[in-house]
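Notes follow the structure.
The values are calculated or read from the model by the stated rules, or taken from the named source; none is laboratory data. None of these values were measured; they are calculated from a predicted model. Cβ placement follows ideal geometry from the backbone for every residue including glycine, while neighbour counts extend to all protein chains displayed. The accessibility values were calculated without ligands, DNA or RNA, using every heavy atom of the protein model including side chains. Shrake-Rupley method; radii C 1.70, N 1.55, O 1.52, S 1.80 Å.
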Amino acid sequence: SDFAGVTAHKGEFKGSALQGSDFSGADLTGSSFKGSDVRGANFDGANLTDCSLSALDLKNASFNKTILVRTNFSSSMLEGAKFISAKLTDVKLNTTDLSRTIFENCIFDGVEFNSSALGGLSFEGQTFIGVKFDKSALNEVSFKGATLKNVYFPTSSWSKKYYRIIKTISFDGAFMDKLTYASLKGMGAELSKVTVI
């Protein structure tokens, strides 16, 4: 379907076949997507402020310069999806598979990753401000060259297994504030090549 440039505030897409649909430049503020096939959809430049995306197949979807403010991704598949030059503000990713998602030149501000699969993901060179990783799989994740400020890695509910996982994360060349550095160091992360800012 061709939805390029449309304005559809509080639209509802439920149980819809939207594979390959073009939402580029569309204003979808407050819209809800639920239980739909949205594989390969184009959201480039779209406004997804206050949108809810739940139980979706978003494999290979494109989010280039997409406006993502208070957007909620829940129980969705984002394998192969591309987030390019996007700023994610107060976005929530709950129980979402991000293990093969592509992020390039993105800023994460106030983002919450809850119970999501991030294993093997590259966050290299990205910026993280006030981000929270809660009960999310972080094995073999790369933060090489990334900037982390007030990033929270909860420890209260973590088992010894998760402390081992934190040691698999690469922070080589990363820049981080003192609080983030101290928290990660306390969990045994390898921070010898990190610059404290």
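Cross-link pairs exceeding 32 Å between alpha carbons, from the set LYS14/LYS144; LYS65/LYS185; LYS34/LYS193; LYS87/LYS193: LYS14/LYS144; LYS65/LYS185; LYS34/LYS193. I need to check one value: relative contact order of the range 40-90, counting alpha carbon pairs closer than 8 Å and at least 6 residues apart, in percent. So the answer I get is 40 percent. Ligands, DNA and RNA left out, the 1.4 Å accessible surface of the chain is 47% carbon and sulfur atoms.
Placing +1 on each Lys and Arg Cβ and -1 on each Asp and Glu Cβ, with no other charges, gives the chain a dipole about its Cα centre of roughly 740 debye. Using a probe of 1.4 Å, the accessible surface attributed to ARG164 totals some 150 Å² when neighbouring protein chains are kept in position. Net charge of the neighbourhood of GLY173, taken over other residues with C-beta under 15 Å away and scored Lys/Arg +1, Asp/Glu -1, is -1.
What the chain shows is 45 Å² of accessible area per residue, with the surface traced by a 1.4 Å probe over protein heavy atoms.
Just want to confirm a number: the relative contact order over the range 44-133, from Cα pairs under 8 angstrom separated by 6+ residues, in percent. Across the range 44-133, relative contact order equals 22 percent.
Using a Cα-Cα cut-off of under 19 Å, which aspartates and glutamates could be cross-linked to LYS59, ignoring same-chain neighbours fewer than 8 residues away? LYS59 reaches ASP2, ASP22, ASP37, ASP44, GLU79, ASP97, GLU104.
Using just its DSSP H runs of length 4 or more, each adding -39500 (n - 2.57), the chain gives a mean residue ellipticity at 222 nm of -2000 deg cm²/dmol after division by all residues. Summarising the strand pairing of the range 38-197, around 0 percent of its internal DSSP beta bridges are antiparallel. Spin-label pair THR7-VAL196: with each label point 7 Å from Cα along the Cα-Cβ axis, the two points sit 5.1 nm from one another. Given R0 = 35 Å, the distance between the Cβ atoms of LYS82 and LYS160 translates into a calculated FRET efficiency of 0.50.
Need the list of aspartates and glutamates near LYS178 for cross-linking: C-alpha distance under 17 angstrom, and skip anything on the same chain fewer than eight residues off. LYS178 reaches GLU190. The residues SER74, SER136, sorted by heavy-atom accessible surface at 1.4 Å with ligands and nucleic acids left out, run SER74, SER136 from largest to smallest.
The spacing between the range 91-151 and the range 158-197, judged by their C-alpha centroids, is 14 Å.
Estimated from the Cβ-Cβ distance and a Förster radius of 45 angstrom, the FRET efficiency linking LYS14 and LYS135 is about 0.95. Counting Lys and Arg as +1 and Asp and Glu as -1 over every other residue whose Cβ lies under 11 Å from the Cβ of ALA4, the net charge comes to -3. For GLY110, neighbours were defined as the other residues whose beta-carbon sits under 13 Å from its Cβ, and their charges (Lys and Arg +1, Asp and Glu -1) total +2. Contact order, relative form, for the chain: 11 percent (alpha carbon pairs under 8 Å, 6 or more residues apart, mean separation divided by residue count).
Overall, the range 1-108 carries a charge dipole of about 200 debye about its Cα centre when +1 sits on the Cβ of Lys and Arg and -1 on the Cβ of Asp and Glu, all other atoms neutral.
Solvent exposure of LYS144, expressed as accessible area, is near 90 Å², computed with a probe of 1.4 Å over the protein chains only. Under 5 Å between amide hydrogens, built in the peptide plane, is the criterion, and for SER54 it picks out PHE33, LYS34, GLY35, SER74 among residues at least 5 positions away or on other chains.
When the surface is traced with a 1.4 Å probe over the full set of protein chains, THR195 keeps roughly 60 Å² accessible.
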